[in-house]
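Peer 1: Before anything else, here's the structure in question.
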Amino acid sequence: MQLPILRHFITPEQAFGNCSTIATENCGAIADTLHYGALFQIAVLIIGFVYTFVIVRYWDFLRYFIISALGFHQGSGDKAHINPGEQTNIEVVMIILGVITLSLCALRGFGLWGQTALAGIADSAAVWVVVLTVLAAITVMLIYQYGVVFLSASVCERSDIGRALIGIKSLYLAVGFVATIPFGILFLLWQSAPSIVAIIGGGLCALIALIIFVKETFLFFVGQKISILHWFLYLCALEIFPVSLILAPILR
């Protein structure tokens, strides 16, 4: 004989009391575990050490870079101490440090504003796919920018213009990273929430470097008696287009 099944529906308040609340997933704890693990801290420590070493060791060079970028001209005696080969090395080191810092900041930003997306991989080494993806995207963008300038100059048999544009790009990219890396490190080390000082300071430094870079490329094209239309196409094809390809998936 089968007994009848008795069903009685009750509310959560009746079962657990009037003071009960619905528990939510604590993504903040996951994000803290994710972004302040040993590997992350070691990476930030290495960036800070190398940055400090470069600043202390090559302060005269960096001071000349920054003063030149801001449009202040020094005497010929100061310029004579600038070794072109060493200048290139400093630019390469600062660009590499800046790209790595930017990639880690992207990981930190995803952890703060995209915790749900990262919660599923928070306990796995796969989370560093975020860093590697951003790092690869920025690297490919820089290779594209430098490669197009080099190939265009070779095809047009104007290697002097190509070298000058690459030099302008490298100089202001390195100067921009020199100014923004400290704010990036501050953003990475902030424990509870992103520092408004780091965000505003880094953004302003990047904006100033970008404005000066655009001005310098404009003056270069005008000085070479190249059409302003070509300058506009240069900015659209080599600066705006690749950056928009990277930002479009993030902003969706």
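Peer 1: Look at residue 187 and say whether it is surrounded by 15 or more Cβ atoms within 10 Å (Cβ to Cβ), at pLDDT below 90 and in a helix (DSSP H, G or I).
Peer 2: yes
Peer 1: Just to be sure I understand the filter: pairs with C-beta atoms under 6 Å, separated by 6 or more residues or on different chains, first member in the range 173-190 and polar (S, T, N, Q), second member open to solvent by 40 Å² or more (accessible area, probe 1.4 Å). Which pairs pass?
Peer 2: Taking only residues 6 or more apart or on different chains, the pairs are 180/206.
Peer 1: Part of a helix (DSSP H, G or I), modelled with pLDDT under 90 and under 19 Å from the mean Cα position of the chain (by Cα): which single residue out of 198, 193, 153 fits that description?
Peer 2: Testing whether each residue is part of a helix (DSSP H, G or I), modelled with pLDDT under 90 and under 19 Å from the mean Cα position of the chain (by Cα) leaves just 198.
Peer 1: Find the residue count for the range 18-57, including only residues that are part of a helix (DSSP H, G or I), at pLDDT 60 or above and small (Gly, Ala, Ser).
Peer 2: 3
The values are calculated or read from the model by the stated rules, or taken from the named source; none is laboratory data. The shown structure was predicted, so the numbers you read here are calculated from the model rather than taken from an experiment. All Cβ positions, glycine included, derive from the backbone under ideal geometry; neighbour counts span all protein chains shown. The accessibility values were calculated without ligands, DNA or RNA, using every heavy atom of the protein model including side chains. Shrake-Rupley method; radii C 1.70, N 1.55, O 1.52, S 1.80 Å.
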